[in-house]
Amino acid sequence: MKILLVDDSKTMRNIQKRTLAALPEAEFVEAGDGVEGLAAMNSSGPFQLVLVDWNMPNMDGITFVTKVRETNKTTPMIMCTTEAEKTRVIDALKAGVNNYVVKPFTPEALTEKVQQTLQKAKAA
Amino acid sequence: MTQVAEPQQALNPKLIVPFVNSVRNVFTTMVGVVTTVERPTYKSGPAVSYDVSAIIGFSGQVIGSVVVSFQMDAALKLVKAFAGVDLTADSPDFADAIGELANMIAGNAKKDLGATASITCPSVVLGANHVIARLRGVPCVIIPCKTPVGDFAVEVNMKQTD
């Protein structure tokens with residue numbers, strides 16, 4: 001399973017990798033902002049899952065999701081961010097994310113959201 | 001020359017309590033250490049010196065900044081617990097980890113401020129006895145935090161806009 005991690009914090013990407021390493025044949029591609037994320041979508045895809053942060057330099061996560069959804073309606077995307085207000089969650093869902101994880105998170109919480117998202121995508 | 005003290009504004013608990021709760025939540029969930037938060041007080045001068053600070057700016061209905069400051073020994077131990085690896089202070093990954101901790105503290109507190117606000121990406125300062133300038137005329141509240149592996153402090157220097 002090929003997973004794209006878009007987050008400006010390498011520490012956070014490492015935590016996500018450790019948490020999701022148990023997924024079947026997990027293979028990770030990393031991007032430090034939305035610009036790198038879009039480039040990775042084009043050059044290293046297709047991905048079976050994308051985790052994206054909200055606040056990043058150069059291009060934020062909401063812009064990244066909006067741009068991806070212009071051409072790709074199916075790849076499951078999870079916003080993984082410190083932004084926890086309801087309005088932010090609604091904005092992210094409107095932009096096209098499939099699920100939302102608020103930092104800080106436990107490994108169990110992230111794994112559960114990922115499993116939910118993958119199951120829904122498989123059933124669709 | 002006589003120095004005139006800056007008039008203090010009343011401490012607004014609505015701007016402090018969210019950070020107290022956020023610190024506990026972030027360190028318990030992501031670092032795996034229980035944090036004891038001591039009584040917040042006004043910061044009247046540079047006071048305690050620190051070696052590492054992460055700064056997050058706020059804009060919108062609240063403006064100002066939150067600074068999370070550590071002495072080096074505590075920072076190294078807390079980063080190891082958070083990142084899961086030993087990092088030296090001169091590693092870019094060390095600053096990244098400190099910045100991400102501050103990002104989570106600020107972002108997690110933001111939802112409970114009762115105001116619409118945006119936060120900046122973190123900036124990290126390393127260096128013994130550094131001083132971070134703050135907004136004049138805005139109270140700066142220091143929240144002392146104790147953990148089994150070392151202490152740190154969260155400084156909240158912000159106000160609600162009209």
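Return yes when A:Val97 is under 12 Å from the mean Cα position of the chain (by Cα), of a type in the set (A, V, I, L, M) and in a loop (DSSP other than H, G, I, E, B) and no when it is not.
Yes; evaluated as a whole, the condition is true for this residue.
Can we say A:Thr87 is within 14 Å of chain B (Cβ to nearest Cβ), free of Cβ contacts under 8 Å to residues at least 24 places away in the same chain and among the β-branched types (Val, Ile, Thr)?
Considered against the rule, which asks whether it is within 14 Å of chain B (Cβ to nearest Cβ), free of Cβ contacts under 8 Å to residues at least 24 places away in the same chain and among the β-branched types (Val, Ile, Thr), A:Thr87 comes out as yes.
Could you please let me know if B:Val85 is surrounded by fewer than 17 Cβ atoms within 10 Å (Cβ to Cβ), assigned to a loop (DSSP other than H, G, I, E, B) and facing chain A (nearest Cβ under 10 Å)? Spell out the reasoning first.
Values: surrounded by fewer than 17 Cβ atoms within 10 Å (Cβ to Cβ): yes; assigned to a loop (DSSP other than H, G, I, E, B): yes; facing chain A (nearest Cβ under 10 Å): yes.
Yes.
For the range B:51-80, which residues satisfy the criterion of being surrounded by fewer than 17 Cβ atoms within 10 Å (Cβ to Cβ) and outside any strand (DSSP E or B)?
Matches in the range B:51-80: B:Gln61, B:Met72, B:Asp73, B:Lys80.
Pairs, please: C-beta under 6 Å, at least 6 apart or cross-chain, first residue part of a strand (DSSP E or B) and in the range A:20-45, second surrounded by fewer than 17 Cβ atoms within 10 Å (Cβ to Cβ)?
A:Glu27/A:Lys2; A:Phe28/A:Lys17; A:Val29/A:Ser44
Would the range A:32-41 turn up any residue that is touching an Asp or Glu at 6+ places or on another chain (Cβ under 7 Å), of a type in the set (Gly, Ala, Ser) and farther than 27 Å from B:Leu113 by Cα? I'd like the intermediate steps shown before the answer.
Initial filter on the range A:32-41 (touching an Asp or Glu at 6+ places or on another chain (Cβ under 7 Å)): A:32-34.
Among the residues that remain, those that are also of a type in the set (Gly, Ala, Ser) are: A:32, A:34.
Subset that is farther than 27 Å from B:Leu113 by Cα: A:32, A:34.
For the range A:32-41, residues touching an Asp or Glu at 6+ places or on another chain (Cβ under 7 Å), of a type in the set (Gly, Ala, Ser) and farther than 27 Å from B:Leu113 by Cα: present.
Could you please find all residues in the range A:8-19 being crowded, with 19+ Cβ neighbours inside 10 Å and either more than 14 Å from chain B (Cβ to nearest Cβ) or farther than 20 Å from A:Glu108 by Cα (or both)?
Selection gives A:Asp8, A:Ser9.
Every read-out reported here was derived from the displayed coordinates using simple, explicitly stated rules and does not represent laboratory data. This structure is a prediction, so every number in the text was calculated from the model and none was measured. We place every Cβ from the backbone using ideal geometry, glycine too, and count neighbours over all the protein chains shown.
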